Amino acid sequence: MTVPGAEIYYEVRGSGRPLLLVNGGDGDAALFGPLAALLSETYTVITFDLRGNSRSRLTGPPEEQRIEGHGQDAHLLLSAVAGGEPAYVFGTSYGGMIGMDLLARHPDQVRALVAHEPFLIDLLPDADRWHAFFQEIYDLYEREGLDAAFRKLGDAIGVDAPPEPAEGLPEPVRQMLARLRVNMDTCLRYELRSFVRFRPDVAALRAAPFTLVVGGEGPQTLLHRTAGVLAESVGTGIVEFPGGHVGFLTHAADFATALRGTLEG
């Protein structure tokens, strides 16, 4: 699908009410494959690669990305695929923030939004310290490369980088992991420092069917903290879903059950 500045790769599965799944940093549609297959029994499931990542190529020179631009891509994708019917939206990490932007600017397109561990750094009382840290991560990336930067980033926020595309893995998995490694470079160079300055429209979240969820297993991470601050701002609770930050992949069956129950509830 052609949008201003990019060609968006997307996939559609199943039938029923539309459900848009939105990736976080360095992900692509393949990460949602197991979850989308399960949910396609109930919904028309739409997955896509964010612009500048994996198979969604830019048609102009690369530049700093913003959540609002990806929200516009989601709006155009739903306009093209959902036929005017409002969609359920699930977004993880940055994807939850993209869903928030879509909801605020195009509320008629969103039947309900579920945001999983959104990376809302700018809401934290010590946001300036974190913004300085993310600039340090970028500087480290420039000096020492991708692996050193992602190790330091992962240690600080409690989220691991994707594994290497090792020999012996199934070829589709190796291809996906190779794409994700390139996306990690895109994330550090063009996304991280600008995405974490996004602030959601709290009034829009209060007025809409909105559910905030976190992974219920594993350690408490920075993303649990950002979810807590958002919950306090919106005046909502937090629901625990199976697994950790990538529970949608590691616990796909249980995650699909939880998501279905939340959307229908």
Exercise. Within the stretch 221-234, how many residues are in contact with a strand residue (DSSP E or B) (Cβ under 9 Å, 6 or more places away or on another chain) and either of a type in the set (Asp, Glu) or free of Cβ contacts under 8 Å to residues at least 24 places away in the same chain (or both)?
Worked result: 2
Seminar exercise, completed: Contact list, first residue from the stretch 4-32 and closer than 21 Å to LEU120 by Cα, second anywhere and at pLDDT 95 or above and surrounded by fewer than 18 Cβ atoms within 10 Å (Cβ to Cβ), beta-carbon distance below 8 Å, six or more apart or interchain, is ASP28/ARG55
Exercise. Can you name every residue in the stretch 165-184 that is under 14 Å from ALA30 (Cα atoms) and β-branched (Val, Ile, Thr)?
Worked result: VAL173
For this session: Hey, could you check the stretch 158-191 for residues that are in contact with a Phe, Trp or Tyr (Cβ under 8 Å, 6 or more places away or on another chain) and among the aliphatic types (A, V, I, L, M) and say which is farthest from ARG57 (Cα to Cα)?
Result: ALA161
For this session: Check off (1) free of Cβ contacts under 8 Å to residues at least 12 places away in the same chain; (2) crowded, with 17+ Cβ neighbours inside 10 Å for GLY168 and give me the number that stays unchecked.
Result: (2)
Exercise. If you check LEU38, LEU21, which single one turns out to be of a type in the set (A, V, I, L, M) and within 14 Å of the chain's Cα centre (by Cα)?
Worked result: LEU21
Exercise. Got a sec? Which of THR47, THR42 is closer than 18 Å to VAL114 by Cβ and part of a loop (DSSP other than H, G, I, E, B)?
Worked result: THR42
Seminar exercise, completed: How many residues of the stretch 57-92 are under 26 Å from SER15 (Cα atoms) and under 13 Å from the mean Cα position of the chain (by Cα)? The answer is 7
Exercise. What about SER54, is it closer than 23 Å to ARG13 by Cα, in contact (Cβ under 8 Å) with a residue 40 or more places away in the chain and either part of a helix (DSSP H, G or I) or not basic (Lys, Arg) (or both)?
Worked result: yes
Exercise. Has the stretch 221-229 got at least one residue that is assigned to a helix (DSSP H, G or I), closer than 30 Å to ARG111 by Cα and of a type in the set (S, T, N, Q)?
Worked result: yes
Exercise. Looking at THR257, THR211, THR262, which one is outside any helix (DSSP H, G or I) and within 20 Å of TYR88 (Cβ to Cβ)?
Worked result: THR211
For this session: Look at SER79 and say whether it is modelled with pLDDT of 95 or more, out of contact with any Ser or Thr (no Cβ under 6 Å at 6 or more places or on another chain), farther than 28 Å from VAL239 by Cα and not in a loop (DSSP other than H, G, I, E, B).
Result: yes
Exercise. In the stretch 235-257, how many residues are touching a strand residue (DSSP E or B) at 6+ places or on another chain (Cβ under 7 Å) and over 19 Å from VAL159 (Cα atoms)?
Worked result: 3
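The values are calculated or read from the model by the stated rules, or taken from the named source; none is laboratory data. All figures in this text were calculated on a predicted structure; none of them were measured in a lab. Virtual Cβ from ideal backbone geometry, glycine too; neighbours counted across all protein chains shown.
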